[in-house]
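One structure is given here, and the rest of the page talks about it.
Derivation of every value follows stated rules applied to the coordinates shown; laboratory data play no part. Owing to the predicted nature of the structure, the values given are computational and were not obtained by experimental measurement. Heads up, the Cβs are rebuilt from the backbone with ideal geometry, glycines too, and the neighbour counts pull from every protein chain shown.
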Amino acid sequence: AGQLNARGSWAMLAYLIEGLAMLHERKRVAALYPLARELVATGLVAAWPLLRFMQTVAGIAAGAAGASSAAEDHFRIAMQQAAAMPIASSRPRFAASTG
C-alpha cells in the first residue's frame with residue numbers, strides 16, 4: 001500500500017479479490033478493500049487481461065467489508081463506465097448477498 005506497483009500488480013489484486021469472493025472468503029476480501037480503494041484512486045479503469053472494471057472489483061471488496069453505501073457507489077460508477085465502453089462482458093452484475 002502506498003507504493004509503486006510492478007506491472008500486473010493491480011490485475012493480480014483484482015484476480016485475488018474476485019477469486020476469494022468466489023470461495024466465500026469474505027474476511028479476506030474485506031481486508032483487501034483498502035488496497036482496492038487505492039487501486040481505483042490511481043484512475044485505472046480496467047486492467048488487461050481482465051475484462052473487468054476496477055470499480056466492480058472495489059465494489060466486491062466494499063461489500064465484503066460491510067460498506068454497503070461504498071459498494072453501491074463503486075458498482076454505480078462501474079455501470080457508468082460500462083455504458084461508455086463497448087465491452088458487454090464487463091458490465092457489472094449486481095447480486096445482493098445476505099451472507
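At a glance:
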quantity	calculated
Unit charges on C-beta of K, R, D, E only; dipole of the range 1-70, Debye	60 debye
Integer Hz, Karplus 6.51/-1.76/1.60 couplings in order for the range 58-69, x for Gly and Pro	5, x, 4, 5, 4, x, 5, 7, x, 8, 4, 5
A83 versus R28: modelled label distance in nm, points set 7 Å from Cα along the beta carbon direction	3.6 nm
10 Å-binned pair-distance histogram of the range 31-71 (Cα, whole percent)	34, 53, 13
Residues with amide H under 5 Å from that of F53, placed H, sequence gap 5 or more	none
